[in-house]
Amino acid sequence: MLSPVTDADGAPFWGYARQGELRVQACASCGELRFPPRPCCPHCRSFESEWRRVCGQGRIWSYVVPHPPLLPGYAEQAPYNVVVVELAEAPRIRLVGNLVAEAGARLDSVPPERIRIGARVQVVFDADGLPRWVLERA
């Protein structure tokens, strides 16, 4: 499985994720949340930032089910999904991940026919700290 490539701006995101926390970068001057992380606020141009914990709820904004898998290491879990999740607290922020049945489940644990645009999801983290998403219970 692929591991995220981190840079100085994004390293805190992955550090918090390994601790089971979903945090996004926020401007310390104007308060705007932003993702992906970057050194300068695109709204007020401040270079001051902080990391704010978010609730980890969102909705599926888009998704794809790759056929066949593009990378050999993913072949045994095909077909799997890749979802784009719009965060509830920051609708302009969208994170890419996978919809799984529960924390630690395989990428193919949710049948593609169960995935719906607009479905409410909650973040969970795998053993390596990668954010995944589960459907919220009604």
Check Gly20, Gly73 and return the single one that is touching a residue at least 60 places away in the same chain (Cβ under 8 Å) and surrounded by fewer than 12 Cβ atoms within 10 Å (Cβ to Cβ). Gly73
Meets criteria (part of a loop (DSSP other than H, G, I, E, B), open to solvent by 40 Å² or more (accessible area, probe 1.4 Å) and modelled with pLDDT of 95 or more) for Arg59: no
Given (1) buried (at least 16 other Cβ atoms within 10 Å of the Cβ); (2) touching a residue at least 40 places away in the same chain (Cβ under 8 Å); (3) β-branched (Val, Ile, Thr), where does Ile117 come up short, assuming only one miss? (1)
Given the residues Arg52, Arg34, Arg45, Arg38, which is the only one that is out of contact with any helix residue (DSSP H, G or I) (no Cβ under 8 Å at 6 or more places or on another chain), under 29 Å from Gly104 (Cα atoms), surrounded by fewer than 18 Cβ atoms within 10 Å (Cβ to Cβ) and at pLDDT 95 or above? Arg52
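The values are calculated or read from the model by the stated rules, or taken from the named source; none is laboratory data. Source: prediction; values computed, not measured. Reconstructed Cβ throughout: ideal geometry from the backbone, glycine too, with neighbour counts over all protein chains shown. Side chains included, ligands, DNA and RNA excluded: accessible areas come from the protein's heavy atoms. Shrake-Rupley method; radii C 1.70, N 1.55, O 1.52, S 1.80 Å.
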